[in-house]
Structures are given as structure tokens and as C-alpha cells.
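The values are calculated or read from the model by the stated rules, or taken from the named source; none is laboratory data. Owing to the predicted nature of the structure, the values given are computational and were not obtained by experimental measurement. We place every Cβ from the backbone using ideal geometry, glycine too, and count neighbours over all the protein chains shown.
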Amino acid sequence: MQFRNILEELEVTKFKKGIEREMENFFEDMGFSIIEPRVFEDYDDFIRSNSRWDSSKTVKVLGGDSRIYILRPDITTNILSQIFSKWEGEPPLKVYYNSKVYRNESRGKILQNYQMGVESLGDDISKADGEIVEMAMSVMSNLGEPYILEMGSTKYLDGFFREINLNLQDEIEIRNLISKKNSDSLKTKLKSLKLENTILDKILDMQGDMKEVLDMARAYEMNEEMKGALDSLERVKELFIHKDIIGKVKLDLSMVPDLGYYDGIIFKGYCLGVPTKILSGGRYDKWTKKYGVKVAAIGFMIDMDLVTRIRIKGEK
Amino acid sequence: MDILTIAIAKGRLGKKGLELFKDTEYEIIMEEDSRKLVYNNANKKINFIFVKPCDVVTYVEKGVADLGIVGKDTILEDNKDIYEVLDLGFGKCRFVVAGFEDQNLVKKNEVLTIATNYPSYVESVFKDRGQLVEIIKLGGAVELAPLMGLSEVIVDIVETGNTLRDNGLVVLEELDTISARLIVNKASYRFKYSEIKKIEKVLGGV
């Protein structure tokens with residue numbers, strides 16, 4: 001946000017800090033401890049372990065040792081590398097952060113984006129799933145505007161792709177069409193591969209009311225992985241019914257995550273009248289393997305610039 | 001019930017897109033030669049806004065419009081975070097690399113100059129080829145560039161190939177196929193799911 005008037009700027013900053021404090025208190029009440037991400041990261045290390053990242057968007061700095069560093073473009077990977085260098089996977093860790101990320105935008109501008117988020121590491125999977133998703137819901141409901149939590153699981157589609165022997169190129173193309181919700185091009189593609197009578201033809205219909213979608217998806221379950229995906233969603237559904245917030249959740253089994261590291265439950269929070277997601281997150285157990293120990297891991301990130309804007313609008 | 005807003009590219013593509021809504025509950029009556037940019041449907045089901053083709057994607061990404069009808073060429077160039085739900089089947093053409101007949105697209109240790117309307121798209125196409133390229137962005141009449149020695153080749157959309165032929169250029173390589181697409185904002189998709197599904201049904205696709 002940019003201001004012309006310093007009083008107005010102070011006012012907004014105060015308001016924003018208030019929201020942050022409120023959220024920090026909430027995270028601490030839930031047993032999470034604050035962690036400070038490092039500002040600089042080694043460029044080579046970062047690019048090696050985040051191959052999907054657009055390296056031109058990272059802000060580079062030359063260190064006194066003539067090495068290239070970048071201003072952190074992402075917080076989760078940043079704190080994970082900090083944590084795993086000093087932690088063996090036990091006891092369970094629950095951390096939250098309140099920080100900024102830096103990215104190059106078009107026309108050479110450096111963009112700063114405020115983010116807060118939580119990560120739960122090494123905890124019991126179904127307990128952590130419930131806890132994290134419920135916290136995400138509570139962040140959304142505090143916006144004071146109508147909202148929807150969109151939820152899916154990467155394991156449902158992954159499990160299916162394991163059953164069929166498809167070459168990687170075709171699989172990527174199919175995933176890409178699913179991620180764009182492109183039903184007719186998907187149909188054409190499936191026909192050409194003789195896959196039109198599979199679950200892939202129905203996957204874009206598997207969106208909406210949790211109970212209906214789960215019932216429908218059960219009929220196509222083919223292996224333990226797919227069953228596991230639905231079981232974990234089923235458990236979260238029971239929790240939502242219990243808390244009477246099931247109406248705010250839409251299940252979408254055709255969700256394809258933006259980041260490659262998720263495996264398991266994934267979710268995004270949308271607020272009415274805001275064109276982009278407010279928060280996003282999911283389970284990423286497999287990703288932790290690259291730090292040496294595979295542990296259960298789930299978390300989410302909140303775009304605090306958007307949250308502030310929505311709350312200020314609500315105040316007026 | 002929520003009113004939907006749809007952004008439509010001004011020009012030929014938009015006109016074709018508008019025809020798809022004829023005789024449906026979403027139809028609008030337009031006055032001849034009007035310069036009006038916003039139209040409300042009589043049933044209060046949908047607003048139409050008419051914008052430049054390259055702005056359709058922006059309007060949808062920013063959520064000002066829930067949906068948009070736009071060519072795949074613009075979508076490829078802009079690479080924005082939106083859903084692309086239907087291939088509408090009209091406005092078919094093709095991205096091609098074109099130039100003089102004897103032009104080689106692989107030039108060892110030398111820079112290949114490319115004139116185009118679509119610089120980001122060209123960059124993404126040539127990124128993994130190991131060929132050094134210099135991209136020259138033009139606003140139109142791209143075919144002129146090789147003739148005047150501004151560039152060696154061009155990347156442009158071609159429907160019949162007549163313009164190329166008339167200027168003595170040939171297709172050197174065929175790239176992506178293009179047609180009109182229905183795009184949707186990701187948040188609108190969730191909040192107005194059933195209305196958007198209804199529009200998808202009306203427009204039908206290929």
C-alpha cells in the first residue's frame with residue numbers, strides 16, 4: 001500500500017499490527033512458537049532445491065565473499081532448512097512466522113509481500129490435519145466477509161496415475177488440463193489415449209459439497225493411496241460437521257497444487273469480492289525427505305496484505 | 001442470484017462470441033454502431049463488457065469480470081493465473097515461425113532476430129532450445145520486419161497464410177494452435193460455481 005499522508009499511513013500500520021498481534025496470539029494459544037526466517041539465502045542452494053521456482057523473480061545480492069545470495073522469496077522452505085539442520089524429527093514442532101518475502105516484478109520493481117503462516121512438523125497425521133485446517137477456517141472467518149475453503153487431496157489423482165501406465169509427457173498434459181478446469185480439451189485428450197471411461201473423465205465433476213463428492217469418489221477408489229486420500233478428507237469432514245462449518249467448505253478433487261511439494265490434503269481460502277486466494281497450504285511429508293528425515297508436515301501461508309485490505313474495508 | 005460479468009474482446013472474435021449467447025437467457029440487444037462498453041442483459045443475469053483483446057485476461061485475473069472470451073494467443077502471451085474452461089472452437093489459427101525460404105532457425109554461436117507481437121510467448125518457446133535470440137516487439141504488420149531487414153524471422157498468428165505468401169514469406173515451423181477460449185477467475189469459479197457451469201453448458205464448446 002502507498003500513502004500520501006503520513007497520518008493515514010500510521011493509522012493503517014497500527015491497524016495492520018493489531019491484526020498481526022491478534023493472529024500471533026491465536027497461534028500461540030494453539031501451541032505454536034514464533035520462528036524468524038533468515039533474510040538471505042544462498043542462490044545456488046535455493047535454485048537446486050526449488051527447480052520449479054522462476055529464478056528471474058528472485059532478488060539477488062552479491063556478498064562480500066563474491067557469492068550470490070537472494071532475499072528470501074519463500075518462507076516455508078527457508079525455515080525448514082533452518083529447522084532440519086538442528087532437529088532430528090522429534091519431538092513434534094509447531095512454529096509460526098510473521099515476515100516478508102521479496103520478488104522481482106515486471107518493470108524491475110521489487111515487491112515485498114507480508115506473509116504469516118504456520119507449520120506443524122512430526123505430529124500425528126490425522127490430529128495435525130484437523131488442527132491446521134480448523135485454524136485456516138478460523139483465519140478465514142475472522143475476515144468478517146463470506147468465504148469458502150476449497151479443499152482436495154493430491155493423493156487421489158496421484159493414486160490413480162500410479163494404476164495406469166502413462167508416459168510422463170501425457171500425464172503432465174492431462175494434469176495441466178485438469179488444473180485449468182478445461183473439460184472439453186481434457187475429453188479430447190482422454191479419447192486419444194483411450195482413457196475416456198476412467199475416473200479422469202469424471203474428475204472435474206468431483207467438486208462441490210463434501211459429502212456428495214466423497215460419495216461419488218468412493219466409487220472410483222482403486223488402491224490404498226486413493227482410499228487414504230478419501231479417508232483423511234472424511235475425517236476432516238466429520239470435524240467440520242461437528243463444528244458446524246461444513247457449509248463453508250467445497251471439496252475439489254481436481255485441485256492441482258501450484259507448488260510441487262504437496263502430498264496429501266491441500267486447501268485454499270477465498271473471500272467474496274477478492275480475486276485471488278487469501279491463504280493456501282497443505283501436507284508435504286515427502287518434501288521433508290530432502291532434509292534427511294521424513295516426517296509428517298503440514299502448514300499454510302496467509303497473504304497479510306490482502307487480509308489487511310479486507311479488514312480495513314470492513315471497518316469503513 | 002449473483003449477476004455474472006463477462007469480458008469480451010472487441011472485434012471479430014468478440015462478435016462471434018456474442019453470437020453464442022443469441023436466443024439464450026443471456027442474450028443482449030445491441031444498438032447498431034453504438035460505442036457503449038457495458039451492456040446489462042434484460043434478465044439481469046449477466047453484464048457484458050467490451051475491452052481490448054489483450055485486456056480481457058487482465059480483467060478476469062483481477063476479478064472485475066468473472067469470465068472472459070479471448071484467443072488462446074493472448075492467454076499464452078500473458079500466462080496469468082486463471083482457469084481456461086472451454087475451447088470455443090472458433091477463431092482457429094496457428095502460431096508459426098515464418099521467414100524467407102532459405103532461413104535456418106538454428107544458428108550456431110549467432111543471434112537469431114525475431115520480430116513479434118508476442119514477446120513473452122516467443123521467449124518461452126525459444127528458452128530451452130539453446131539458440132540465442134533477440135526479440136523485437138512490434139505493434140502490428142510484423143511481416144514487414146524481414147522484408148525491411150529488421151529481423152530474420154517473425155513469430156505471428158496465421159489463419160490462411162495469405163499475408164505471408166503475398167509478402168514472399170513461408171512458414172518455417174508450426175507452433176501452438178489457437179482458438180477462442182472461455183476463461184474464468186479462480187475466486188469467481190468457487191463463489192459462482194453453478195452459474196458458471198450453466199454458462200459452460202450454454203456455450204457448449206467444441
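Answer with yes or no whether residue A:83 is at pLDDT 90 or above, closer than 30 Å to residue A:135 by Cα and in contact with a Leu (Cβ under 7 Å, 6 or more places away or on another chain). The answer is yes for residue A:83.
Annotation: of all residues in the range B:91-104 being surrounded by fewer than 16 Cβ atoms within 10 Å (Cβ to Cβ) and touching a residue at least 24 places away in the same chain (Cβ under 8 Å), the one that is nearest to residue B:164 (Cα to Cα) is B:100. Here residue B:79 meets the list (1) within 14 Å of chain A (Cβ to nearest Cβ); (2) crowded, with 16+ Cβ neighbours inside 10 Å almost entirely, failing just condition (2).
Restricting the search to the range A:41-87, which residues are touching a residue at least 40 places away in the same chain (Cβ under 8 Å), part of a helix (DSSP H, G or I) and not aliphatic (A, V, I, L, M)? If the condition is that a residue be touching a residue at least 40 places away in the same chain (Cβ under 8 Å), part of a helix (DSSP H, G or I) and not aliphatic (A, V, I, L, M), then A:49, A:56, A:57, A:76, A:78, A:81, A:82, A:84 are the ones that fit. Among the residues making up the range A:120-130, a single one is acidic (Asp, Glu) and either in contact with a strand residue (DSSP E or B) (Cβ under 7 Å, 6 or more places away or on another chain) or crowded, with 20+ Cβ neighbours inside 10 Å (or both): A:129.
If I ask for residues that are closer than 21 Å to residue B:149 by Cβ and of a type in the set (D, E, K, R), which ones from the range B:97-138 would you list? Within the range B:97-138, B:101, B:102, B:107, B:110, B:134, B:137 meet the criteria. Considering only residues that are farther than 17 Å from residue A:198 by Cβ and buried (at least 18 other Cβ atoms within 10 Å of the Cβ), which ones fall in the range A:156-181? A:180, A:181, listed by residue number. Just one residue in the set A:290, A:250, A:316 is among the charged types (D, E, K, R), touching a residue at least 24 places away in the same chain (Cβ under 8 Å) and away from chain B (no Cβ under 14 Å); that residue is A:290.
Within the range B:129-174, being of a type in the set (Val, Ile, Thr), surrounded by 12 or more Cβ atoms within 10 Å (Cβ to Cβ), farther than 10 Å from residue B:99 by Cα and out of contact with any Pro (no Cβ under 6 Å at 6 or more places or on another chain) holds for B:133, B:136, B:142, B:157, B:158, B:163. Quick one: in the range A:135-155, which of the residues that are under 22 Å from residue A:234 (Cα atoms) and within 14 Å of chain B (Cβ to nearest Cβ) is surrounded by the fewest Cβ atoms within 10 Å (Cβ to Cβ)? It comes out as A:148.
Listed by position, the strands (runs of 3 or more DSSP E) enclosed by the range B:150-206 that each have at least 1 residues that are within 14 Å of another protein chain (Cβ to nearest Cβ) and at pLDDT below 95 are B:170-178, B:180-184.
When each of B:62, B:36 is tested for being over 30 Å from residue B:156 (Cβ atoms) and charged (D, E, K, R), the lone residue that passes is B:36.
If you go through the range A:265-281 one residue at a time, do you hit one that is surrounded by 23 or more Cβ atoms within 10 Å (Cβ to Cβ), within 10 Å of the chain's Cα centre (by Cα) and within 11 Å of another protein chain (Cβ to nearest Cβ)? There is at least one residue in the range A:265-281 that is surrounded by 23 or more Cβ atoms within 10 Å (Cβ to Cβ), within 10 Å of the chain's Cα centre (by Cα) and within 11 Å of another protein chain (Cβ to nearest Cβ). Kindly indicate whether residue B:136 is outside the structural domain of residue B:75 (by TED's automatic domain parsing) and of a type in the set (A, V, I, L, M, F, W, C). Considered against the rule, which asks whether it is outside the structural domain of residue B:75 (by TED's automatic domain parsing) and of a type in the set (A, V, I, L, M, F, W, C), residue B:136 comes out as yes. Those strands (runs of 3 or more DSSP E) of the range A:92-161 in which at least 2 residues are free of Cβ contacts under 8 Å to residues at least 24 places away in the same chain, considering only elements entirely within it, cover A:110-121. Scanning the range B:29-37 finds no residues that are touching a residue at least 24 places away in the same chain (Cβ under 8 Å) and either touching a helix residue (DSSP H, G or I) at 6+ places or on another chain (Cβ under 9 Å) or not in a loop (DSSP other than H, G, I, E, B) (or both). When residue A:172 is tested against (1) touching a Leu at 6+ places or on another chain (Cβ under 9 Å); (2) more than 14 Å from chain B (Cβ to nearest Cβ); (3) under 30 Å from residue B:182 (Cβ atoms); (4) hydrophobic (A, V, I, L, M, F, W, C), just one condition goes unmet, and that condition is (1).
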